[in-house]
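Throughout, read-outs are computed from the coordinates displayed, never taken from laboratory work. As the structure is a prediction and not an experimental result, all values here were calculated from the model. Glycine also receives a Cβ, built like all others from the backbone with ideal geometry; neighbour counts cover every protein chain displayed.
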Amino acid sequence: MNASHDPDRVYDAIIVGSGAGGAAAAYRLVQAGLEVLLVEKGRELPRDATTLDVQAVVHEGRFKSREPWRDGAGRLLVPEEYFNVGGKTRWYGAALLRYSTGEFHADATHQCRGWPIAAADLQPYYEQAERLLGVRRFEPEPGLRRIAERLARAPSAWQAEPLPMGLAAGILGNEREARHFDGFASPAGLKGDARASFLDRVRDAPNLAVRTEDAVTELVAAPARPARVEGVRTASGVVHRARHVLLAAGALHTPRLVQKYVADHGLESVLPCARHVGRNLKLHLLTAVVGVGATRQDDLLRKTTLFTHPELPHSSVQPLGFDGELIAGLIPRLVPRPLARLLGAHAYGFFLQTEDGSHPDNRVEWAGAGGAPLLDYDARRVAPALAEHTALVSRFRSALVRAGLLAFSQRIGLAGTAHACGTMIAGHNPADSVVDADGRVHGMDGLYVVDGSVLPRSSRVNPSLSIYGWSLRVADRLALANPGHRQPADVGGIEALSA
């Protein structure tokens with residue numbers, strides 16, 4: 001897979017990272033005929049069933065990053081990050097929801113910043129991403145249907161709607177994949193993700209080069225022009241050059257590259273946006289809740305319905321796509337494991353999330369010359385979100401009890417970075433944001449950001465589809481404005497993920 005290095009070659013675009021943002025940008029730019037180099041620090045995942053194996057994936061954490069960080073108190077932690085082609089999207093739970101129109105606006109009472117674009121600006125890119133990812137809705141299975149009916153009864157008033165999923169219709173015919181898609185990578189290609197839905201469509205295009213297992217360590221400036229980025233240097237010491245560099249390494253990693261660049265070139269006092277790089281980290285406030293009842297739960301997918309409550313406007317609930325074996329791991333450790341496995345067979349898991357606002361002290365910082373990078377996040381800094389999430393957990397647990405289920409809850413800690421965003425926040429004003437409405441870093445030439453770090457709001461739903469949409473929009477505008485723009489290459493259509 002690795003592209004050979006030509007020191008004299010200048011690409012139209014270099015993309016750093018192959019997750020949602022990187023893959024979507026590569027797809028659009030390659031279709032437009034631009035010469036693209038995609039650089040990914042990880043490798044391809046194995047095509048065998050290893051990525052469905054509970055022991056390897058969950059208990060051993062074989063595919064997770066081992067990179068140590070420190071939190072705000074100086075304690076070491078290892079965030080749940082994945083470095084592989086397709087990034088986190090290979091592992092995510094395939095829930096692909098649009099942000100509502102209101103979630104593009106500021107909400108000062110919840111500490112939420114507004115977007116520099118309107119919902120309508122992203123709509124055509126949402127539609128394209130949904131087609132490419134094969135988004136569809138599944139009927140709720142019997143066990144979940146019974147729970148939903150009970151939750152809807154007064155005084156609970158929980159509202160339910162079908163959950164849009166990036167899953168092939170045929171996944172129900174593959175029991176192992178149906179039971180293990182949430183948190184597992186699909187070797188059969190039954191889940192829409194960055195690799196399967198975007199990169200695979202352009203992989204054989206002559207104008208795409210892919211380099212894996214070679215991390216980008218720094219950005220490269222144009223000679224005597226520090227405000228102009230013209231390339232990247234990788235861990236192997238190779239320098240690749242391009243007219244545009246698109247960062248898609250993720251909300252924890254993209255800002256560190258930019259912070260290092262700013263420090264190396266003395267741009268702290270030159271760029272008004274520099275002091276915001278790495279700040280305004282958002283993670284969602286997350287809690288897993290397990291409801292145990294008398295009836296054995298035999299649903300396969302489970303993750304087919306979204307629950308909301310009118311009095312909790314920044315929160316949502318979705319079932320975990322976990323079978324009894326996985327749910328048993330969420331039951332408190334004080335319960336003996338044989339009993340936990342028995343309870344897991346009679347349980348349903350739920351994922352509760354609340355949108356957190358922006359606070360500058362919730363941040364990511366480059367480690368400097370050595371040591372572990374900083375991941376400093378305190379939910380008390382976003383007090384309105386913490387209050388709503390506390391109410392969410394309490395109300396949902398009570399509703400499950402009224403529905404005949406004994407409920408356990410477990411807060412997902414700082415290491416749970418699946419929904420990290422905001423550290424390169426988008427906005428119109430370089431005095432309070434980092435990138436503009438076109439994804440370009442304020443005050444910089446040639447440097448763009450197409451991952452979740454740009455998201456001004458985390459919304460009450462999963463951010464993946466909005467990252468795909470943002471990246472497609474940025475790449476589309478870049479391609480159309482590029483002097484070398486050509487008609488899209490013949491690299492395949494946009495058919496939905498097939499059965």
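Annotations
- FRET efficiency, Q410 to L480 (Cβ-Cβ, R0 56 Å, nearest 0.05): 0.75
- Positive end of the dipole of segment 68-166 (Cβ unit charges, origin at the Cα centre): among Q159, T109, L97, the Cα lying farthest that way belongs to Q159.
- Distance between segment 354-404 and segment 235-259 - C-alpha centres, whole angstrom: 28 Å
- Using alpha-carbon coordinates, inclination of helix 20-31 to the longest axis of the chain, degrees: 50 degrees
- Each Cα pair under 8 Å and six or more residues apart adds its sequence gap; the mean of these over the residue count of segment 365-444 is a relative contact order of 11 percent.
- Total formal charge among the other residues, if their Cβ is under 13 angstrom from that of A152, Lys/Arg +1 and Asp/Glu -1: +3
- Computed extension length for N429-D264: 57.0 nm, one decimal, from 0.36 nm per residue of separation with the Cα-Cα distance subtracted.
- Alpha-carbon centroid distance for the pair segment 321-353 / segment 71-145, whole angstrom: 25 Å
- The residue among G87, L76, H59 whose Cα reaches farthest toward the positive pole of the charge dipole of segment 55-108, with charges on the beta-carbon of Lys, Arg, Asp and Glu, is H59.
- In the list (i) 72, 51, 44; (ii) 80, 46, 43; (iii) 70, 44, 42, the label attached to Cα extents along the principal axes in Å as derived from the coordinates here is (iii).
- Sequence-separation-based contact order of segment 26-173, relative, with Cα cut under 8 Å and 6+ spacing, percent: 17 percent
- Share antiparallel - DSSP beta bridges, the chain, percent rounded to 5: 65 percent
- Helix axis angle, 383-402 relative to the chain longest principal axis, alpha carbon, degrees: 30 degrees
- Contact order normalised by residue count of segment 1-103, Cα under 8 Å, 6+ apart, percent: 26 percent
- Net charge contributed by nearby residues that have their C-beta within less than 10 Å of G446 (K/R +1, D/E -1): +2
- Other residues lying with their Cβ under 14 Å from the Cβ of L283 contribute a combined charge of +1, Lys and Arg counting +1, Asp and Glu -1.
- Between helix 119-133 and the chain: long-axis angle, C-alpha atoms, 0 to 90°, nearest 10: 80 degrees
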